[in-house]
Amino acid sequence: MKNHVALFAGMGGFAFATEALGYKTIWANEIEPLCCDLLEKNFQDIVVNRKSISDLRAEDLAKLPKDIELLTAGFPCQSFSQAGGEFKAFDDPRGKLFFDIPRVIDLMPSPPKVVLLENVPIIKSFDNGALLRTVLNEMRFAGYWVQEKHAQVLSCATYGGTPQRRERLFVVCVHESHLRNNPFDFQRIPASPSKDLFQVVDRSQKLDDEYYLREDNKYFKLISAEAEKNGSERLFQIRRIIARSCPLNSCPTLTANMGGGGHNVPFVFDDFGLRRLSETECLVMQGYDPERLLMPTGIMKKDLLKMIGNAVSVGTVKAIIAEINNQILCAKVD
């Protein structure tokens, strides 16, 4: 069984993906209490460190084994996202947390063989790749083989098996003590057929009244006007003060502000009215199995939606890690 360590572990997307591939998540770092509770409830024998990553010291990592195949890190994306307004990147305290990844690796008894990073696509494209070069250079200084070709943007609609149009940047790094180069080729990752939107969104089942918009609600009127123009056999999205029709058979990127009632909330016309997607539907859009996922006691829906919006696509990272196994961890050392 291969060992996996998760930094910025969130609600365990990387841990669920690696579990399906025969890994054991032995240690995780996460600062959000509800995410920590969820990790401990779902993974036996996991050690969850609840400190800020910036506060981690060598003693926190001293009991880790020397043989760790994979470290994953979906570091905070808010400072790199243009959706929230001001773009601060590495000048933002949350953006600076990236630099704790190589720092923590240096504190470990032995460096992981492979590091898989995840964040928003703009890191690759902004300022002709300046942000990405910073990421790659820091990982090289930490002893990892990685080039621009090892950093690619993938959509979970293509690789994650769900209709959500969620694009994320993934970076695969290989430690120099394991191989003499980085052979990883993203083009060898097989595409995964997406489920039909209405296989995930059940329009025939009545949900609680709290999910539905009243007909006198301003957003009901905005979305209804969009449905008149473009048809109702699709999802709709609230963007601040406007409504948008989503492309047929697709779900927009789920975001953390779903939990605060903000923009990017997906809505659908079902047999009973106009409602937002349920938490279970959002989980499936992110590749989680609701029957496998154990929830902390008393978790509020708004908190769960925030966690889902911050999560990684389980199916997408599973597809990448399966190829990490094939191309790197099973590769022969020259």
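The values are calculated or read from the model by the stated rules, or taken from the named source; none is laboratory data. This structure is a prediction, so every number in the text was calculated from the model and none was measured. Using ideal geometry, Cβ is built from the backbone for each residue, glycine included, and neighbour counts are taken over all protein chains shown. Just so you know, the surface numbers come from the protein's heavy atoms only, side chains and all, with ligands and any DNA or RNA stripped out. Shrake-Rupley method; radii C 1.70, N 1.55, O 1.52, S 1.80 Å.
Per the conditions (1) at pLDDT 95 or above; (2) crowded, with 17+ Cβ neighbours inside 10 Å, the sole criterion not satisfied by Lys306 is (1). Checked against (1) buried (at least 19 other Cβ atoms within 10 Å of the Cβ); (2) hydrophobic (A, V, I, L, M, F, W, C); (3) assigned to a loop (DSSP other than H, G, I, E, B), Ala191 passes all but condition (1). When residues in the stretch 283-303 are screened for being charged (D, E, K, R), over 23 Å from Gln44 (Cα atoms) and either open to solvent by less than 10 Å² (accessible area, probe 1.4 Å) or touching a residue at least 60 places away in the same chain (Cβ under 8 Å) (or both), 1 of them pass. In the condition set (1) open to solvent by 60 Å² or more (accessible area, probe 1.4 Å); (2) in contact (Cβ under 8 Å) with a residue 60 or more places away in the chain, Thr253 is compliant with all but (1). If I filter the stretch 13-30 down to residues being touching a Ser or Thr at 6+ places or on another chain (Cβ under 8 Å) and among the small types (Gly, Ala, Ser), which single residue comes out as farthest from Ile68 (Cα to Cα)? The residue in question is Gly13. For Thr280, the conditions (1) modelled with pLDDT of 95 or more; (2) within 28 Å of Gly12 (Cβ to Cβ); (3) open to solvent by less than 50 Å² (accessible area, probe 1.4 Å); (4) of a type in the set (Val, Ile, Thr) all hold with the exception of (3). Taken over the stretch 13-31, the criterion of being of a type outside the set (Val, Ile, Thr) and closer than 18 Å to Ile101 by Cβ is satisfied by Gly13, Phe14, Ala15, Trp27, Ala28, Asn29, Glu30.
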